[in-house]
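The values are calculated or read from the model by the stated rules, or taken from the named source; none is laboratory data. Because the structure is a prediction, the values reported are computed rather than measured. Here the Cβ positions follow ideal geometry from the backbone for every residue, glycine too, while neighbour counts run over all protein chains shown.
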Number of protein chains: 2
Amino acid sequence: MNSKETLQQHIGKTASLTDEQFDYFFSYFKPQSFKKGQTVISAGDKVDCEYFVISGCLKAFFINDEIKMYILQFAMPTWWTSDYDALYNQTTATIDIDCITDVEVLCLSNSDREKLCKEFHQIEHFFRWRTNKGYIASQKRLLSLMNNNTKKRYDELLALYPQLYNLVPKHLIAAYLGVSRETLSRLNS
Amino acid sequence: MNSKETLQQHIGKTASLTDEQFDYFFSYFKPQSFKKGQTVISAGDKVDCEYFVISGCLKAFFINDEIKMYILQFAMPTWWTSDYDALYNQTTATIDIDCITDVEVLCLSNSDREKLCKEFHQIEHFFRWRTNKGYIASQKRLLSLMNNNTKKRYDELLALYPQLYNLVPKHLIAAYLGVSRETLSRLNS
DNA sequence: AAAGGATTGTGATCTACATCACGTAACCAA
DNA sequence: TTGGTTACGTGATGTAGATCACAATCCTTT
């Protein structure tokens, strides 16, 4: 399946667009490729785009003053990623996004998204639905972080995304769970 | 300002509706009053509505097996609250919502919201924008929970919502921060 | 193949916070 | 007025996880 079909199938679950409408919608997306380790967004940058992942895996993360990293999101195929705070509020990025593997994305600018949302009710509907999903997932993660210990959060994460176990080094999983790599390692013993 | 004006001003920041359109929109909201301590949503219930707060303060919280409470949200005037997971996915509530003070809300059913979103592009636009704000705030709180210690999270919360200090008991603030009430109390010493 | 970095495991020690326990004061409702 | 509930502070002790230190593998890249 090529990137156009991937996006079409993804959108089709929520919004009904004619083929012509979808072609028009798709014309606003710019394909981009990145190599493993490359940076997509750096803290301090102006943020113009959001990214729809076609293949590979990215991480959106925050580095604090003590150079500790916290991962907000692993972005996998058919997921969207960006620094949404910076994107919507027209400020500079506070997080970084880079590539855990080689990556292909479709890039959509903030202004084009808003234009498309205004032009097509169905597209606005799609983006409402998408953010809803994200909001609910984020609330669940918040609750899990407060309520569950490391072991339980780790099991939960692997149950939800089994691919991560082999795809992503353990210290990144630790950074997602909010614990040190040593603590994560000791869970196995 | 009455509840209708409150909602109109709130919506007006994001969506442009004619007075007639707004009247129609408003006709779907049912006013409800609750006394301090009353329950709005109980875990296990079917969830049909979301609530727009006119006056007072509510808490949305989760109680775990060890009877420990975690507060997901304090809902104050012009905020929206519900169990959105249950509401959107048509499942039963996993959280409770009750009233910290006497409360007035406007109640909107899930099906009416969807109907209104379908009928008026501007209303769909409003709800997309609202969820966006919520999503961004939720991501920020997640990061703060991982990155900051209790003292810093407490200061952050009070800087953002100074009213809370006098409005809600300290053990509820502790439940929002995800620490014990004793730990919160010891921050002052 | 060798060198250098990244990844992972594991012991020893430290620390923020939880938990338990108790006391005081405020705020109800009968 | 009184008895009960809720709020809040604070000491003593326990514990999950952080931090530091070192070693063993694995993966790249030249």
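Quick look at the values:
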| quantity | calculated |
| --- | --- |
| Tally of residues being of a type in the set (Ser, Thr, Tyr) and within 25 Å of A:THR101 (Cβ to Cβ) across segment A:1-56 | 7 |
| Residue in segment A:164-175 that is among the aromatic types (Phe, Trp, Tyr) and within 14 Å of another protein chain (Cβ to nearest Cβ) present | no |
| Candidate set from segment B:129-153 (those that are at the interface with another protein chain (Cβ under 7 Å from one of its Cβ atoms) and hydrophobic (A, V, I, L, M, F, W, C)); member that is surrounded by the fewest Cβ atoms within 10 Å (Cβ to Cβ) | B:LEU145 |
| Number of positions in segment A:1-55 that are assigned to a loop (DSSP other than H, G, I, E, B) and among the charged types (D, E, K, R) | 5 |
| Number of the condition not met by A:LEU157 [criteria: (1) loosely packed, with under 14 Cβ neighbours inside 10 Å; (2) free of Cβ contacts under 8 Å to residues at least 24 places away in the same chain; (3) within 16 Å of DNA strand C (Cβ to nearest atom)] | (1) |
| Qualifying residue in segment A:87-96 (condition: in contact with a helix residue (DSSP H, G or I) (Cβ under 8 Å, 6 or more places away or on another chain) and part of a strand (DSSP E or B)) | yes |
| Total residues in segment A:56-82, condition in a loop (DSSP other than H, G, I, E, B), within 10 Å of the chain's Cα centre (by Cα), farther than 18 Å from A:LEU157 by Cβ and of a type in the set (A, V, I, L, M, F, W, C) | 0 |
| Close pairs (8 angstrom Cβ cut-off, 6 or more residues apart or separate chains): under 19 Å from B:GLU114 (Cβ atoms) in segment A:6-28, basic (Lys, Arg) anywhere | A:THR14/A:ARG130 |
| Single unsatisfied condition, B:PHE126 versus (1) within 18 Å of the chain's Cα centre (by Cα); (2) at the interface with chain A (Cβ under 10 Å from one of its Cβ atoms); (3) closer than 28 Å to A:TYR176 by Cα | (3) |
| Helices (runs of 4 or more DSSP H) contained entirely in segment B:145-184, each with at least 3 residues that are more than 9 Å from DNA strand D (Cβ to nearest atom), within 22 Å of the chain's Cα centre (by Cα) and more than 15 Å from B:TYR70 (Cβ to Cβ) | B:150-160, B:164-167 |
| Where a residue in segment B:174-187 is closer than 10 Å to B:LYS151 by Cα and among the hydroxyl-bearing types (Ser, Thr, Tyr) and its partner, wherever it lies, is more than 7 Å from DNA strand C (Cβ to nearest atom) and at pLDDT 95 or above, with Cβ under 8 Å and at least six apart | B:THR183/B:ALA174 |
| Residue that is surrounded by the most Cβ atoms within 10 Å (Cβ to Cβ) [pool: residues in segment B:87-121 that are at the interface with chain A (Cβ under 10 Å from one of its Cβ atoms) and touching a residue at least 40 places away in the same chain (Cβ under 8 Å)] | B:ILE95 |
| Number of positions in segment B:51-69 that are surrounded by 19 or more Cβ atoms within 10 Å (Cβ to Cβ), in contact (Cβ under 8 Å) with a residue 60 or more places away in the chain and not charged (D, E, K, R) | 2 |
